[in-house]
1. Output the number of the condition that residue 296 fails; it satisfies all remaining conditions of (1) part of a loop (DSSP other than H, G, I, E, B); (2) touching a residue at least 40 places away in the same chain (Cβ under 8 Å).
2. Any residue at all in the range 110-121 that is over 41 Å from the mean Cα position of the chain (by Cα) and small (Gly, Ala, Ser)?
3. Mind checking whether some residue in the range 304-311 is under 24 Å from residue 89 (Cβ atoms) and open to solvent by less than 70 Å² (accessible area, probe 1.4 Å)?
4. Which members of the range 341-363 meet the condition of being in a strand (DSSP E or B) and either at positive phi or surrounded by 15 or more Cβ atoms within 10 Å (Cβ to Cβ) (or both)?
5. Within the range 117-139, take every residue that is polar (S, T, N, Q) and open to solvent by 40 Å² or more (accessible area, probe 1.4 Å) and give me the one that is nearest to residue 89 (Cα to Cα).
6. Can you say whether residue 333 is under 26 Å from residue 227 (Cα atoms), open to solvent by 40 Å² or more (accessible area, probe 1.4 Å) and either in a strand (DSSP E or B) or touching a residue at least 24 places away in the same chain (Cβ under 8 Å) (or both), as far as the supplied structure shows?
7. Within the range 272-290, track down each residue that is crowded, with 16+ Cβ neighbours inside 10 Å and part of a strand (DSSP E or B).
8. Any residue at all in the range 241-250 that is touching a His at 6+ places or on another chain (Cβ under 8 Å), acidic (Asp, Glu), more than 30 Å from residue 109 (Cβ to Cβ) and surrounded by 13 or more Cβ atoms within 10 Å (Cβ to Cβ)?
Amino acid sequence: MKKLLLILPLVVLMACSATTTEEGDRKAKEQLLQDYRQQATELKQKIAQLEKELGTEKVDKTIPVKVDTVVPKRFTHTIEVTGNVEADEDVTVAPETAGNIISIDVTEGQHVRKGTVMGRLNTEAIQRNIEDLQIQLELAKTVFERQQKLWDQHIGSEIEYLQAKSNKESLERKLEGLQAQLDMAIIKSPVDGVVDRIYQKQGEIAGPAIPFAKVVNISNVRIYADVSEAYLTSIHAGQEVDINFPALKKTVTAPIFRKSSTINPDNRTFQVRVNLNNPDKEIRPNLVSLLHITDYKANDAIVVPSILIKNDFNGKYVFVAAQNSGKWKASKRYVETGRNNNNYTMLSNGLKSGEKLIVEGYEQVVDGSPIAIH
């Protein structure tokens, strides 16, 4: 019990000592803060005096800025897709019958017309058959003519007349068939164009299933491009498209000929086709092209450079110049943004026509900063 009575006063004494120490520290810090403030005031006065003596004192504390007056303008949104060029006529030529190639009558790079002979197959067997058949046909014609004269004079039997007629007509049809086979042994170009490649050589066996040559006509070309299904309702046939060929450093404009009726399930795209005239034959098949397709237009839109739009916790904003008591100040204006294109953004709310948008010096101002418009 006596020990307890001795401990209690000791605890009270320590608590009082700690309180006294904390109060002393606080007073010391308050005094130090007051001394610092006094020193800062004295330093500001000395700085002001030196600036005055040196002529460098800041008279104008406004921030120089440049502004643009907000005016509604036309806004377009475009998408870029990669297209592939195809020749309007790209034909693989093969003979209609099998045989040995006895001549190749064209060279690669040669311009040919439709029907130009490109090569010939060995037709000796067919020609012998034709010669034999022609001899038989001459005899059949002679027999038929005589039977016809007799029949006209009511001499001879009808069967003999009909047999002679049938034999002659049968031989004529066989001769026509052999002549057709002879024609099929001549390889002709089916289109106007350029012989892009010859696959076979003289002496090789050609046939309907074996490509002989390739003829390409690039006077007209087609461009195909895959577009995301998200733009299905905003892209239509007849819509003008700007087509850029990076390799040629050339841009042309042409309408969309058609868009596909189906969606590709693998990449969720639909295909558009553009037809182009290519009189100088500068655009080649498989050339890479970039199609710029406009999917949105607005005639009277509030449009600002995208770089001017900033973000904070409350949303997106820009700075405008506003007058307050006859002085210009920067005003923070929160906006609602829409589509953007080519580093410009369309605003759906927040700015009005006629307001002055700060376009230079906007990074140096805050809401309420005094500004000077230059």
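1. (1)
2. Yes, there is a match, as at least one residue in the range 110-121 is over 41 Å from the mean Cα position of the chain (by Cα) and small (Gly, Ala, Ser).
3. Checked against the condition, which is being under 24 Å from residue 89 (Cβ atoms) and open to solvent by less than 70 Å² (accessible area, probe 1.4 Å), the range 304-311 yields no hits at all.
4. Scanning the range 341-363 gives 341, 344, 345, 346, 347, 356, 357, 358, 359.
5. Across the range 117-139, the extreme among qualifying residues is 122.
6. Considered against the rule, which asks whether it is under 26 Å from residue 227 (Cα atoms), open to solvent by 40 Å² or more (accessible area, probe 1.4 Å) and either in a strand (DSSP E or B) or touching a residue at least 24 places away in the same chain (Cβ under 8 Å) (or both), residue 333 comes out as no.
7. To start, the set of residues in the range 272-290 that are crowded, with 16+ Cβ neighbours inside 10 Å comprises 272-274, 276, 278, 283, 287, 289.
Scanning the range 272-290 gives 272, 273, 274, 276, 289.
8. Keep residues of the range 241-250 that are touching a His at 6+ places or on another chain (Cβ under 8 Å), which gives 241-244.
With the extra rule that they be acidic (Asp, Glu), the set shrinks to 242.
The next check asks that each one be more than 30 Å from residue 109 (Cβ to Cβ); those that pass are 242.
Right, trim to surrounded by 13 or more Cβ atoms within 10 Å (Cβ to Cβ) and you get 242.
Yes; the residues of the range 241-250 include at least one that is touching a His at 6+ places or on another chain (Cβ under 8 Å), acidic (Asp, Glu), more than 30 Å from residue 109 (Cβ to Cβ) and surrounded by 13 or more Cβ atoms within 10 Å (Cβ to Cβ).
The values are calculated or read from the model by the stated rules, or taken from the named source; none is laboratory data. Note that the coordinates shown come from a computational prediction; the quantities given were computed from them, not determined experimentally. Quick reminder, even Gly has a Cβ in these numbers, built from the backbone with ideal geometry, and neighbours come from all protein chains shown. We work out accessible area using only protein heavy atoms, side chains counted, and drop any ligands, DNA or RNA first. Shrake-Rupley method; radii C 1.70, N 1.55, O 1.52, S 1.80 Å.
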